[in-house]
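The values are calculated or read from the model by the stated rules, or taken from the named source; none is laboratory data. Just so you know, these numbers come straight off a predicted model, no measurement behind them. When we count neighbours, we look across all protein chains shown, and the Cβ atoms used for this are built from the backbone with ideal geometry, even at glycine. Accessible surface areas use protein heavy atoms only, side chains included; no ligands, DNA or RNA. Shrake-Rupley method; radii C 1.70, N 1.55, O 1.52, S 1.80 Å.
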Amino acid sequence: MNKKDIATIRRQFKKGNDKLRISDIFNVYIMKESSDIYHHESMPFGMLDEDQQELFLGNFKKVLAGNLDEKLFELKFKRDAEDSSQLILHRGLLTNDVEEWTNDMLALVAKMLQDRQYEHDVVISFIKAEYLKAQKRPNAEAEESANDTMYSHSFLLCSINKTQESKKELEFDYVEREFKYNVTVNPVINLQAPLSGFLFPCFNDSAADVNHVLYSTAKAYEPDTAFIEDVLTAEEIMTARDDKSVFEEIVKDITGDHLSTSALANVYEEINRVVEENEEEEAPKLDRNDVQRVLTLSGIENVTPEKVETAYQKVIDDEKYEMKATSVIPKYNSKSIKIKTKVANIAISPEDLRYVRQVVFNNKRCIMIEVEEDTVIEGFTMAEESLVNKVSEKEPENAITE
């Protein structure tokens with residue numbers, strides 16, 4: 001899935017959307033002490049009151065929030081896996097029998113509880129739903145009408161949420177005219193910050209892909225590998241941060257630790273060009289041949305296939321390893337590049353990196369930034385100074401001058 005596909009589904013989770021039909025919701029309450037199912041219930045989603053529906057819709061929307069390879073990960077199911085979750089999810093997606101569907105979801109819950117203990121009581125919510133999407137019109141300027149052909153896309157979504165104790169509050173009773181201590185023993189389900197979740201199947205340009213599942217984690221770059229491999233029976237993944245780290249280590253091994261800012265800017269610019277050329281397609285990936293080509297086109301000398309091969313073997317040792325191009329470019333991971341020194345920290349956009357230089361002045365290393373206009377600090381325009389080495393010797397106090 002790309003960010004456009006995810007955004008399309010995420011937009012459906014809003015109140016009063018007639019293009020989203022959630023048939024059933026299944027909630028399972030798990031006790032933290034025993035990791036046992038304390039209670040579970042299934043009901044038509046339409047049976048919930050409007051306030052409850054709105055809370056759940058907001059929760060499901062949060063499950064699909066975040067950037068790909070940071071908080072959202074498209075996972076490929078393992079082939080021929082024992083007790084495959086792909087088969088369980090696919091069976092649950094196809095059945096029209098609610099009892100069969102809930103039994104399949106309970107089978108997944110059992111896998112979640114195996115060899116695992118949560119820090120809080122948790123509530124695991126499953127929904128079975130479909131969203132309707134109009135067929136693409138041949139004429140882009142044609143107006144959408146009620147007669148357009150609609151495609152139905154069925155999916156399952158899971159959201160895992162922790163519970164928390166109610167706040168201890170002091171309240172005022174208007175009738176008795178007295179202050180009372182409000183004691184509530186029932187736990188509150190935190191639907192504002194889901195711990196984890198997933199969407200099945202994935203969608204690529206509205207086409208269902210049952211060989212992949214979209215996994216969501218609460219903390220960026222911290223996917224639960226045990227959940228991925230044991231619960232979802234999916235293949236191991238690399239985060240965007242992992243890809244970026246591997247790329248940096250490979251480049252360092254090929255070029256050495258020292259690299260000019262202009263050369264680094266050229267590398268980012270070349271990779272960005274690859275991304276822009278494939279903007280409408282799946283996020284492009286870079287293999288070792290692509291890395292060699294990028295470094296060569298960026299003006300880095302003596303980049304040979306042997307050097308690239310050696311670097312890959314040292315860093316990743318995987319002949320088939322490919323990294324997403326968007327993961328290694330700073331503009332897709334952060335708004336700016338951070339330059340940290342003992343004197344100051346500087347933030348600069350990747351596009352402007354070529355205007356930064358490290359130079360030696362008066363035998364001291366300095367950072368020089370090329371600017372096109374006067375620099376203003378705290379309302380004061382900086383005075384221009386000539387970059388000239390001035391070596392002066394202190395004259396003796398009793399020196400005679402003419």
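Values as computed for the structure displayed
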{"item": "Structure-based [θ]222 nm, the chain - -39500 (n - 2.57) summed over DSSP H runs of at least 4, per residue, nearest 500", "result": "-8500 deg cm²/dmol"}
{"item": "Sorted peptide list for 296-308, 361-373, criterion being average Cβ within 10 angstrom, highest first", "result": "296-308, 361-373"}
{"item": "For the chain, diffusion coefficient by Stokes-Einstein and Kirkwood Rh (Cα), 10 °C, 1.306 mPa s, µm²/s", "result": "61"}
{"item": "Local electrostatic count, Asp18, Cβ distance below 13 Å [Lys/Arg +1, Asp/Glu -1]", "result": "+4"}
{"item": "Largest to smallest principal axis extent of the C-alpha atoms in segment 30-72, angstrom", "result": "34, 32, 14"}
{"item": "Set of segment 80-97 residues, backbone N closer than 16 Å to the point 7 Å along the Cα-Cβ line of Ser35", "result": "none"}
{"item": "Heavy atoms of His120 accessible to a 1.4 Å probe, total area in Å² rounded to 10", "result": "70"}
{"item": "Segment 195-323, dipole about Cα centre (Lys/Arg Cβ +1, Asp/Glu Cβ -1), debye to the nearest 20", "result": "360"}
{"item": "Probe 1.4 Å, protein heavy atoms only - accessible area per residue of the chain in square angstrom", "result": "65"}
{"item": "Equivalent ellipsoid semi-axes - Cα gyration tensor, segment 256-369, angstrom", "result": "28, 19, 13"}
{"item": "Rounded Å value of the spacing that divides the Cα centres of segment 49-113 and segment 244-301", "result": "37"}
{"item": "Cα-derived Rg to Rh of segment 183-251, Kirkwood definition", "result": "1.12"}
{"item": "Folded to 0 to 90 degrees: helix 85-94 orientation relative to the chain principal axis, Cα", "result": "50"}
{"item": "Test item: Cα-centred dipole of the chain, Lys/Arg +1 and Asp/Glu -1 on Cβ, debye", "result": "240"}
{"item": "Pair-distance profile P(r), taking every C-alpha pair of segment 1-97, with 10 angstrom steps and integer %", "result": "12, 30, 43, 15, 0"}
{"item": "Between helix 240-255 and the chain: long-axis angle, C-alpha atoms, 0 to 90°, nearest 10", "result": "30"}
{"item": "Per-bin percent of Cα-Cα distances, segment 189-340 [10 Å]", "result": "9, 33, 33, 18, 6, 0"}
{"item": "Spin-label model distance (nm) - Ser336 vs Asn278, 7 Å beyond Cα toward Cβ", "result": "3.1"}
{"item": "Cross-link pairs Lys314/Lys342; Lys285/Lys338; Lys61/Lys128; Lys128/Lys285; Lys14/Lys128 - those with Cα-Cα distance over 22 Å", "result": "Lys314/Lys342; Lys285/Lys338; Lys128/Lys285"}
{"item": "Carbon + sulfur, % of accessible area of the chain - ligands and nucleic acids excluded, 1.4 Å", "result": "46"}
{"item": "Distance between modelled label sites at Ser166 and Glu99, nm, 7 Å Cα→Cβ extension", "result": "3.6"}
{"item": "In order through segment 192-207: 3J(HN,Hα) via Karplus (6.51 cos²θ - 1.76 cosθ + 1.60), integer Hz, x for Gly, Pro", "result": "7, 9, x, 6, 5, x, 7, 10, 9, x, 7, 10, 10, 6, 6, 8"}
{"item": "Angle between the chain longest axis and helix 98-113 axis [Cα atoms, degrees, rounded to 10]", "result": "50"}
